[in-house]
Amino acid sequence: MLRNMRKAGQTVVGKAIATIFFGALIVSFAIWGIGDIFRATPASTVATVGDTTITVDQTRTAYTNELQRLGRQFRTVISPEQARAFGLDQQVVNNLVTDAVLAEKAREMGLSVSDQLVAASIVNNPAFKGTDGQFNRALFDQALRNINLSEAGFVQEQRSAMARLHLAEAIAGDINVPLAAKEALHRYASERRASAYFVLTAAMAGDIPAPTAEQLQTFFNERKSSFRAPEYRAVTAMTLDAAALAKPDTVSEADAHQRYEQQKAKYGSPERRTIQQITFPSQAEAEAAANKIKEGATFESVAAERNVSPQDLELGTFTKAEMLDQGVADAAFSLEQGAASAPIAGRFGPVILRVTQIQPEAVRPFEEVAAELRQEVALERAQGQIERIHDEIEDLRAGAKPLADIAKEKGLTLVQAPAVDANGLDKAGNPVDIPQKDALVKAAFASDIGVDNEALRTGTGYVWYDVTGIEPSREKNLDEVRDQVATQWREDQVAQRLSEKARGLTERLEKGEAIEAVAQEAGATVKTATDLTRNAAKDDLTAEAVNRIFAVPVGKAGHATNGTDARAVFKVTSATVPPLVTSTQQAQNTENQLRTGFGDDLINQYIAQVRQDLGVTINQQALRQATGGEL
């Protein structure tokens with residue numbers, strides 16, 4: 001099929017088609033949600049969009065491909081539990097639904113893509129080009145295997161994706177960005193402000209008497225949820241890891257030596273040579289110069305005859321692999337130091353070489369790296385045993401053997417966390433020490449007591465876990481958290497007093513009093529902050545305080561929280577905005593940013609409306625089946 005389409009596409013310029021799939025077009029799935037009406041659909045159907053059905057197989061393939069893509073991106077294996085915690089299953093089905101929505105609309109509008117354009121988009125895609133820059137059939141076939149698609153299926157996907165892309169370009173392909181929008185974004189990004197200010201610290205709040213029992217109880221009652229004990233879970237975990245299985249002492253010296261020879265370059269630096277070169281316009285002139293050198297002429301005198309300066313004579317210092325011309329490299333690395341070569345047919349003409357310095361190859365001896373080599377070999381061997389041991393452990397788990405017994409039998413480490421909350425902290429607020437903590441905590445809180453959990457996949461092995469206890473979240477009584485409540489009560493009092501004081505001082509500034517006099521009376525020192533930018537801290541001003549300075553007109557005063565226990569009082573002294581020059585690269589980038597944002601919003605609104613018009617049904621049970629959440 002592709003051969004025929006390529007033939008038809010040879011007369012078509014397909015370079016304008018830059019994408020294979022449409023998935024990257026839509027920026028945010030969040031506005032679509034998944035709140036469609038859920039009703040019964042066939043068991044093999046995950047979703048229906050108008051007359052289009054999305055099957056379990058389609059969803060499973062898309063989900064698996066996305067899981068693998070994310071794994072490559074983050075350089076780790078993402079377990080099904082982690083994927084579900086990230087909402088990957090819902091993102092994938094929403095992506096498929098969006099594709100189906102646009103495909104339905106494209107069919108309704110009669111949009112189609114010719115064989116020539118489809119073929120051109122495939123042939124010109126960089127992902128399928130070899131080192132010669134031409135379409136490489138082997139790379140194409142490998143890509144199809146990686147995404148589990150036949151050639152016919154891929155061509156159909158490409159045709160459909162291009163039709164959807166054309167529809168999207170028709171909707172938002174040529175948006176005019178208003179000058180007012182460009183100026184507003186330019187002002188937001190480029191405005192700089194200066195301000196005089198002083199800081200009120202906690203010490204300036206005055207003496208705060210200890211709270212009465214009634215005050216403390218009232219404060220606690222109003223904030224009970226803040227002091228609530230989180231849910232805790234008791235977790236037992238067992239790790240199967242290549243590093244734990246590796247036995248370097250069992251690696252023989254012969255095996256370690258073999259690895260050393262295979263990776264010798266890793267343990268040293270290759271030979272480097274400093275080379276001089278004279279280039280000639282013809283082979284005859286090069287041979288004549290070589291004869292002069294043989295008869296006693298110096299290399300420098302021959303170079304001088306050809307008007308080659310000492311600087312131009314130096315080719316540089318290289319390893320053999322660093323030299324671009326293999327013929328020149330072979331000759332240079334066969335010469336004795338100080339010797340000149342015979343004429344060499346170089347890539348850019350005949351040359352004569354001389355080696356002026358040789359830096360010998362430096363390799364760490366075997367004895368120095370033997371332990372490292374044995375560990376490396378042992379790790380590889382252990383990695384090869386991981387899947388076998390995994391299957392053995394799964395068989396034992398299927399026979400209801402406790403993790404503690406399995407760990408003892410297999411010589412693996414068992415870790416027990418008697419209480420861990422959803423943030424990975426124990427009851428004292430300290431991080432728990434358990435393997436793959438983030439993934440394990442999420443998985444444990446998605447499980448229950450007595451559940452036979454699927455092992456979590458790590459980069460080099462597996463983690464099995466059991467939830468052995470659950471302590472529900474509960475309200476604490478005042479006696480349990482009295483010290484915490486008293487501390488927060490005092491912090492609240494300090495914040496209130498500083499806020500009231502700052503408000504009064506700001507009113508005085510607004511009435512025209514000098515900021516120096518107001519600050520002196522408050523016991524503070526006036527400072528000046530210049531070149532302030534939005535969302536950026538400066539000197540002792542937090543980003544929150546700086547943003548408040550940008551919210552107040554020039555010449556006006558204000559106050560803002562400045563950290564956890566301080567408040568800044570300020571008066572804006574200046575604001576500058578450089579003129580917008582629309583021809584600059586920065587202005588063009590700003591315009592493109594706005595155009596992209598407007599286009600995304602427009603496409604999202606269009607998809608949401610078409611989705612509503614067509615009607616979308618999602619079968620959550622089939623989705624769980626497709627993504628491994630249910631057998």
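The values are calculated or read from the model by the stated rules, or taken from the named source; none is laboratory data. Just so it is clear, the structure is predicted and the values come from calculations on it, not from any experiment. Cβ: placed from backbone, ideal geometry, glycine included. Neighbour counts: every protein chain shown.
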Fill in: Residue match in region 66-86 (condition: surrounded by 18 or more Cβ atoms within 10 Å (Cβ to Cβ) and either at pLDDT 85 or above or within 27 Å of Gln609 (Cβ to Cβ) (or both))
yes
Worksheet item: Can you name the number of the only condition in (1) acidic (Asp, Glu); (2) over 40 Å from the mean Cα position of the chain (by Cα); (3) farther than 30 Å from Thr218 by Cβ that Asp531 fails?
Response: (2)
Fill in: Single residue of Glu214, Glu191 found to be free of Cβ contacts under 8 Å to residues at least 12 places away in the same chain and of a type outside the set (Gly, Ala, Ser)
Glu214
Practice prompt. Keeping to region 298-329, report how many residues are part of a loop (DSSP other than H, G, I, E, B) and surrounded by 14 or more Cβ atoms within 10 Å (Cβ to Cβ).
Written response: 4
Worksheet, complete the sentence: Given the conditions (1) surrounded by fewer than 16 Cβ atoms within 10 Å (Cβ to Cβ); (2) in a helix (DSSP H, G or I); (3) of a type outside the set (S, T, N, Q), every one holds for Gly338 apart from (2)
Response to the item:
Of the candidates Glu287, Glu271, the one satisfying the condition of being among the acidic types (Asp, Glu), at pLDDT 90 or above and surrounded by fewer than 17 Cβ atoms within 10 Å (Cβ to Cβ) is Glu287
Discussion item. What's the total number of residues in region 403-458 that are of a type in the set (Ser, Thr, Tyr) and touching a residue at least 60 places away in the same chain (Cβ under 8 Å)?
Written reply: 2
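Residue by residue, here is whether (1) of a type in the set (A, V, I, L, M); (2) over 22 Å from Leu102 (Cβ atoms); (3) outside any helix (DSSP H, G or I); (4) not assigned by TED's automatic domain parsing to the domain that holds Val552 holds:
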site: Asp565; (1), (2), (3), (4): no, yes, yes, no
site: Val572; (1), (2), (3), (4): yes, yes, yes, no
site: Ala587; (1), (2), (3), (4): yes, yes, no, yes
site: Thr590; (1), (2), (3), (4): no, yes, no, yes
site: Ala608; (1), (2), (3), (4): yes, no, no, yes
site: Asp613; (1), (2), (3), (4): no, no, no, yes
Practice prompt. Go through (1) out of contact with any strand residue (DSSP E or B) (no Cβ under 7 Å at 6 or more places or on another chain); (2) at pLDDT 90 or above; (3) surrounded by fewer than 12 Cβ atoms within 10 Å (Cβ to Cβ) one by one and return the number of the condition Thr576 breaks.
Written response: (1)
Worksheet entry | Residue in region 438-460 that is touching a strand residue (DSSP E or B) at 6+ places or on another chain (Cβ under 7 Å), assigned by TED's automatic domain parsing to the domain that holds Tyr197 and either of a type in the set (Ser, Thr, Tyr) or surrounded by fewer than 17 Cβ atoms within 10 Å (Cβ to Cβ) (or both) present | no
Worksheet item: Given the structure, is Phe198 aromatic (Phe, Trp, Tyr) and not in a helix (DSSP H, G or I)?
Response: yes
Response to the item:
All conditions in (1) surrounded by fewer than 14 Cβ atoms within 10 Å (Cβ to Cβ); (2) modelled with pLDDT of 80 or more are true of Asp174 except (2)
Discussion item. Just to confirm my filter: which helices (runs of 4 or more DSSP H) fall fully inside region 445-555 and include at least 3 residues that are among the aliphatic types (A, V, I, L, M) and under 30 Å from Leu379 (Cα atoms)?
Written reply: none
